[in-house]
Amino acid sequence: MQFQELNLSQDILSAVEELGFTEMTEIQEKSIPLMLQGRDIVGRSNTGTGKTAAFGLPAVESITEQDRNTVAVLILCPTRELAMQAYEEIRKFAKYKHIVKPCAVYGGASMEKQIFQLKRGANIVIGTPGRVMDHMRRRTLKLQNLRCVILDEADEMLNMGFREDIETILSEVPEERQTVLFSATMPPEIMAITENFQRDPVHIKIKSAQKTVDLIEQYYFEVAMGRKTDALRLLLTAYNPSSSMVFCNTRAMVDQLTEELQKHGFRAAGLHGDMKQAQRTQVMNSFKNKATDILVATDVAARGIDVSGIDAVFNYDLPQDNEYYIHRIGRTGRAGRTGTAYTLISGRRQHYELRDIAKYINAEITELPLPDREGIIAARKETAVKDIAAMEAVHSAYEVIDRLAAMGIDPREAAARLVSKTLQADIEAIPEFEKPRPLRSRKGSAASTVKVDINIGRNRRIAPNFILGALVDATGMSGKDFGKIDIFDEHTTVEIPASETDYILESTNPMKINGQQVTVKLWDGTKPKNERSGRPGKTGKPEFDRRKKAYGDRKRSKVFADYIPDRKNRAGKKKKY
Ligand code: ADP
Ligand code: MG
């Protein structure tokens, strides 16, 4: 459906057209008509789906003569950047509707300027909950005529500790009002807000995280422990993206990595919540106008940031939450363009975490080898050939060459020295890098497995799926990683990949199976002293005969069969998540 088919006034439709919007996104199509009717809405939708227009257009449409000098719409956003962004977009929607006066209020900026703007007759206020509360307390923001409250990225506002502020605001604004809430996730706290502050809301759910993610090519690299910074430099050098974002999990890491990149001549800047507002704005502006090529950021600082033309997203740290992965990679491939996301992983745990992410988003994340130094050098030479072929010389250059020739340095040698000078700088910029050791043996033969012994057996009424469940839980590995499970009277042995031995022993001690604390050790082939027979499934107490049949022989057990990895298949498959 097109915007033109909506019942919006002409001045707004013109502004929308100027922005290049023709077709509505799904969330827009579903929520704009309802908002225009004044209904309360709970919209569940991921980043990049066009929520700002979904609530911004009806908000702008709703402003009439009678809203001159009184605040009619309040929009709450989790961060200053998001508030600024929503403010800018709403200003564009209102380009031809002069009666609309939007105003942004957020922390870390001058109170006086905001008060001045509010006094000039703002009728749509966009702000962070903390600063909005501040203005309400000082009575510089009066909401007695408010008709509509919009909570944008409500889950993130709760994550940032704004729950009380939001509840206070919602309980202090007029009861006769429209309340619209957007959130990527629906934790119980959001349901509580919905229950207490919304009236018969319409639930809208957009399942299209996929839509944006589908356009993004996703790759990962295995990097040796402690070498991620080198690997990132290598990737930035090799791919040379004109604009990219790098995500870290902590502020300290953002600072450290930014400094490291700058030290190596990259035009990088960091963005995180500890920075002053003026500094953050400056960083964002320099990234938007391409004075900075690389923005290193934390999730919260970068949430929802909408900068076009980002070629690549690098996950330096794995995101702590699957949803964050979607948010992060959604920074590239905006508005139907393609983009690339690269994730760096070190160690087994991250390996498994990434596999979980791939499962969660139901997309392929393909392994790539780190580009090697030789490959990059070859590419640099190629560039030099092209560059020089396209150059022209100034006349005085010949004079220099002639003088060199007179000294016995022939022109070929002179040219080579000049080329070396530029090529050398390029080559020196390529970090030294040793290939990380692969994480697991790819031989895939029976020789690469060992057995661990768990001190719980048939006498405690356990089944293979209990054991497997506990192992998967403790290690984050997949059921497929474990081989044959033999349950004896008093103990159980499980085949594991030999390369994972240390990791498995470390992460399974302690571990509980079916509520019972167990010990996991490497199996030395000895039986506990009370064991009546070494053969699984042949002994056991009579009352377990039925079960014994079910899983004593793995060929006859369906559950069991699922747990036995098909090694031939696995070895032959290209590794993809
Ligand atoms: P969200 O808040 O859901 O993350 P935004 O409102 O920031 O998404 O929109 C993401 C981008 O898509 C913005 O650059 C916006 O201008 C653009 N956009 C939104 N709606 C449309 C549309 N119908 N057609 C084209 N582009 C759109
Ligand atoms: Mg948004």
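The values are calculated or read from the model by the stated rules, or taken from the named source; none is laboratory data. A quick note: this is a predicted structure, and the numbers were derived from the prediction, not measured. In this analysis, Cβ positions are derived from the backbone assuming ideal geometry, glycine residues included, and neighbour counts consider all displayed protein chains.
Matching residues to (1) assigned to a loop (DSSP other than H, G, I, E, B); (2) free of Cβ contacts under 8 Å to residues at least 60 places away in the same chain; (3) more than 11 Å from ligand 1 (Cβ to nearest atom); (4) in contact with a helix residue (DSSP H, G or I) (Cβ under 8 Å, 6 or more places away or on another chain):
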position: N7; (1), (2), (3), (4): yes, yes, yes, yes
position: D11; (1), (2), (3), (4): no, no, yes, no
position: T49; (1), (2), (3), (4): yes, no, no, yes
position: Y87; (1), (2), (3), (4): no, yes, yes, no
position: Y96; (1), (2), (3), (4): yes, no, yes, yes
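Table: residues versus (1) within 16 Å of ligand 1 (Cβ to nearest atom); (2) free of Cβ contacts under 8 Å to residues at least 12 places away in the same chain.
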position	(1), (2)
R280	no, no
N285	no, yes
A291	no, no
V296	no, no
I305	yes, no
G309	yes, no
N315	no, no
L318	no, no
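To keep it simple, each residue is scored yes or no on (1) within 16 Å of ligand 1 (Cβ to nearest atom); (2) of a type in the set (F, W, Y); (3) under 33 Å from the mean Cα position of the chain (by Cα).
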position	(1), (2), (3)
A104	yes, no, yes
G108	no, no, yes
K119	no, no, no
N123	no, no, no
P129	no, no, yes
(request) Spot the failing condition for P102; the list is (1) within 26 Å of M191 (Cα to Cα); (2) surrounded by 14 or more Cβ atoms within 10 Å (Cβ to Cβ), and only one is missed. (result) (1)
(request) Return yes or no: is L368 surrounded by fewer than 20 Cβ atoms within 10 Å (Cβ to Cβ) and of a type in the set (A, V, I, L, M, F, W, C)? (result) yes
(message) So, M186, is that one more than 16 Å from ligand 2 (Cβ to nearest atom), closer than 23 Å to K205 by Cβ, under 34 Å from the mean Cα position of the chain (by Cα) and surrounded by fewer than 20 Cβ atoms within 10 Å (Cβ to Cβ) or not?
(response) yes
(message) Conditions first: (1) modelled with pLDDT under 85; (2) farther than 17 Å from A415 by Cβ. E353 passes all but one, so which condition is the exception?
(response) (1)
(message) When you check L82 against the structure, is it within 16 Å of ligand 1 (Cβ to nearest atom) and assigned to a helix (DSSP H, G or I), yes or no?
(response) yes
(request) Please determine, by comparing only the residues of region 33-68 that are of a type in the set (V, I, T) and under 14 Å from I90 (Cβ atoms), which one is farthest from ligand 2 (Cβ to nearest atom). (result) I63
(request) Scan region 153-171 and give yes if some residue there is of a type in the set (A, V, I, L, M, F, W, C), within 18 Å of Y325 (Cα to Cα) and away from ligand 2 (no atom under 16 Å from the Cβ), otherwise no. (result) no
